[in-house]
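The values are calculated or read from the model by the stated rules, or taken from the named source; none is laboratory data. Because the structure is predicted, anything quoted here is derived from the model rather than measured. Here the Cβ is made from the backbone with ideal geometry for all residues, glycine too, and neighbour counts use every protein chain on show.
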Amino acid sequence: MTRGPSDSGPQGAAALRGSMDATTAPHRIPPQMPQYGEANHIFELMQNMLEQLLIHQPKDPIPFMIDHLQRDNDYVPKIVILGPPASGKTTIAMWLAKHLSTNLLSVESLIAKEYSPLAADARMHYQKFKMVPDMLLIRLMQERLKEEDCVRRTLFSYGLSQSTEQSSLCDTGWILDGIPETREQALTIQTLGISPRHVIVLSAPDTILIERNLGKRIDPQTGEIYHTTFDWPPESEIQNRLMVPAGIFEGETARKLLEYHRNIVRILPSYPKILKVISADQPCVDVFYQALTYVQTSHRSNAPFTPRVLLCGPVGSGKSLQAALLAQKYGLINVCCGQLLKEAVADKSKYSDLIQPFFEKEIAVPDNIIMKVLKQRLDQQDCVERGWVLHGFPRDLDQAHLMDNLGYKPNRVFFLNVPFDSVIERLSLRRTDPITGERYHLMYKPPPTIEVQTRLLQNPKDSEEQIKLKMDLFYRNSAELEQFYGDAITLNGDQDPYTVFEYIESGIINRLPKKVP
Amino acid sequence: MEARSSRELQARNYLEKHRIMDLLTYLTSALLFFRPERPREYLISILERLRIARLSGVALPFFMDNSNIASMFEMLDSSNKGSISFVQYKEALKTLGLCTAEEVLKDDGHGVTFEKFRNEVNKRTQEIWSAF
């Protein structure tokens, strides 16, 4: 399989990444730089521009880049929907096009165009041979993608809109329904630089499709497809208009299915990372929602990313354990607030005199002192370079604001939810062996011998009343914290630690999900 | 497979000829340093200035001006001898992205004075910019 020029994009992107990677430079880079880079998706911006440059290779790169930046179409929908006949492709494609306000291109719509000699040619061919030759189809597509949106233009000419911009289809995005039909078409499209960002393939068993096709009906006015059993229009006037389309009987459908299977196997390898197969053997609405969610997620990018993770949850939710696992696997620095304060006192640092009295009286240490100790830790080189996992702070909105104002913004926040009974179970059965210092849990990690068991002691802080108090305190503040960290991910902490760890991992590695309005 | 390698070669040649990677590095550094509110508009303005500068021969917007070069030299020359060692000079050029690791520079035995440092930096920057 030959690769198109768009494949040299990733190598250029790797070189770009090298120039942006903060960890290769020994000197300190202020944290605002990578934060700005992440917030504005600078890496993806540059990567897209580089890809476009490599695909088109203009003689004069600077005007081309200016043009590309002004168009600002990095995130418009570019979708391809493939599937066997009767899978509901056209219906899904139409619904997606309406929902995302983008343009739909299919073989029928391309050849039905007026005012185009190419389209007239294609129509003649279709009537004779029941198919359109590849090159003609591709040229029709190119023509359609370049042309400007006629509807907008007429609105402008009637003075109904203030703007003088004219957008081409490239600016509003496109959805291809059933194109490419063959591998040759797929390759040609790729070499022209038309590459989709999401490819959806509908699949269902053949017998279901053959049966379904028998019930297909078309509304001649709107072109929408209905079904006698699954998707019957409510209005009686549409019902009366419906026509039976040609070629829906079993023999015809079986033949088309054979051809489809032959072709699809060779098209799929062209889109390795952006493909998603959705089962068409479910209600239309379900297929639509799956397709919509997929299309609205962005793929994992290669941008340099230093994780700054915040774990929030009531006492006993497993924050320390998860932080330790993360630190071990990804080399992040585990910053536990309570631990930090205790270390500050033990090391007899300049803060120990400030903190000691609070420890003795068992009152909570005031926010600004905690912040100073934390600041000192987070500013150290290893935290800046490798990223950090913070837990135990902030516990309420004021602390969160304080941290935010000083510039320590986490880029992933996780809330671990654990019901009260599980917390009690986890904490009240904790025991420590005073001689070896080993920590045991009567249920999850029982002591090995009876001798050890008899001498085990329980930490007074692990009593039920204490736990209850701490949990109440947490839940009073958690609603505000969740609102403050709008992008936070909530997880069920009531599972075994490795399952929770996997959820946290996927939350860090994948892009933050865009909230659907 | 022939088609693939020739396409890749073609793409690489294109990148080298127009020094795209240097341009993109400069744009990214400018964005991260100045952190404008609207990155696209800012990039467009830089590119417009470049385009005009090339057409009219006006001085190109350098990223590092004379005062920056002077302060960099001072940082390297911590004992104020007036010259820096050859190794330091090469490292400095590498950090600025003005020479590659494999390039062999002449070592004339004496240290590198400020004048020589500045002229070399300016000369190389000019070389890069003239290709845009």
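Going by the conditions given, is residue B:65 at pLDDT below 75 and farther than 25 Å from residue A:75 by Cα? Yes: the conditions hold for residue B:65. Do we find a residue being touching a residue at least 12 places away in the same chain (Cβ under 8 Å), closer than 30 Å to residue A:299 by Cβ and in a loop (DSSP other than H, G, I, E, B) anywhere in region A:201-223? Scanning region A:201-223 turns up at least one residue that is touching a residue at least 12 places away in the same chain (Cβ under 8 Å), closer than 30 Å to residue A:299 by Cβ and in a loop (DSSP other than H, G, I, E, B). For region A:322-341, a residue qualifies if it is under 11 Å from residue A:389 (Cβ atoms) and either of a type in the set (Gly, Ala, Ser) or not in a helix (DSSP H, G or I) (or both), and the qualifying residues are A:323, A:324, A:327, A:331, A:332, A:333, A:334, A:335, A:336. Evaluation of residue A:489 against the conditions (1) surrounded by 13 or more Cβ atoms within 10 Å (Cβ to Cβ); (2) out of contact with any helix residue (DSSP H, G or I) (no Cβ under 8 Å at 6 or more places or on another chain) shows that the sole unmet condition is (2). Checking each residue in region A:224-247 for being assigned to a loop (DSSP other than H, G, I, E, B) and free of Cβ contacts under 8 Å to residues at least 60 places away in the same chain picks out A:228, A:229, A:230, A:232, A:233, A:234, A:235, A:242, A:244, A:245, A:246, A:247.
When A:293, A:253, A:222 are checked against the criterion of being over 16 Å from residue A:94 (Cβ atoms) and either at pLDDT below 85 or surrounded by 13 or more Cβ atoms within 10 Å (Cβ to Cβ) (or both), A:253 stands alone in meeting it. Somewhere in region A:413-429, is a residue at pLDDT below 85 and either under 18 Å from residue A:342 (Cβ atoms) or loosely packed, with under 14 Cβ neighbours inside 10 Å (or both)? There is no residue in region A:413-429 that is at pLDDT below 85 and either under 18 Å from residue A:342 (Cβ atoms) or loosely packed, with under 14 Cβ neighbours inside 10 Å (or both).
Scan region A:33-66 for residues that are facing another protein chain (nearest Cβ under 7 Å), over 24 Å from the mean Cα position of the chain (by Cα) and assigned to a helix (DSSP H, G or I) and jot them down. A:53, A:54, A:61, A:62, A:63, A:65, A:66 - these are the residues of region A:33-66 that are facing another protein chain (nearest Cβ under 7 Å), over 24 Å from the mean Cα position of the chain (by Cα) and assigned to a helix (DSSP H, G or I). Exactly one residue out of A:354, A:341, A:311, A:321 is modelled with pLDDT of 90 or more and of a type outside the set (Ser, Thr, Tyr): that is A:311.
Looking at region A:372-388, which of the residues that are aliphatic (A, V, I, L, M) and in contact with a Phe, Trp or Tyr (Cβ under 9 Å, 6 or more places away or on another chain) is nearest to residue A:399 (Cα to Cα)? Here the answer is A:374.
Select from region B:1-56 the residues that are within 8 Å of another protein chain (Cβ to nearest Cβ) and among the β-branched types (Val, Ile, Thr) and write down the one among them that is surrounded by the fewest Cβ atoms within 10 Å (Cβ to Cβ). Looking at the filtered set, the residue picked out is B:44.
With the condition kept exactly as written, say whether any residue in region A:120-134 is under 30 Å from residue B:9 (Cβ atoms), out of contact with any Phe, Trp or Tyr (no Cβ under 7 Å at 6 or more places or on another chain), away from every other protein chain (no Cβ under 14 Å) and at pLDDT below 80. Yes: region A:120-134 contains one or more residues that are under 30 Å from residue B:9 (Cβ atoms), out of contact with any Phe, Trp or Tyr (no Cβ under 7 Å at 6 or more places or on another chain), away from every other protein chain (no Cβ under 14 Å) and at pLDDT below 80. Being within 14 Å of chain B (Cβ to nearest Cβ) and of a type outside the set (A, V, I, L, M), is that true of even one residue in region A:82-92? No; the residues of region A:82-92 include none that is within 14 Å of chain B (Cβ to nearest Cβ) and of a type outside the set (A, V, I, L, M).
Considering only residues in region A:317-372 that are among the acidic types (Asp, Glu) and surrounded by fewer than 17 Cβ atoms within 10 Å (Cβ to Cβ), the one that is farthest from residue A:426 (Cα to Cα) turns out to be A:353.
Test of understanding: among A:119, A:93, A:86, A:97, which residue is without any contact (Cβ under 8 Å) to a residue 60 or more places away in the chain, in contact with an Asp or Glu (Cβ under 9 Å, 6 or more places away or on another chain) and of a type in the set (A, V, I, L, M)? It would help to see each step written out before you state the result.
On the way: A:93 fails: without any contact (Cβ under 8 Å) to a residue 60 or more places away in the chain; A:86 fails: without any contact (Cβ under 8 Å) to a residue 60 or more places away in the chain; A:97 fails: without any contact (Cβ under 8 Å) to a residue 60 or more places away in the chain.
Residue meeting the stated conditions: A:119.
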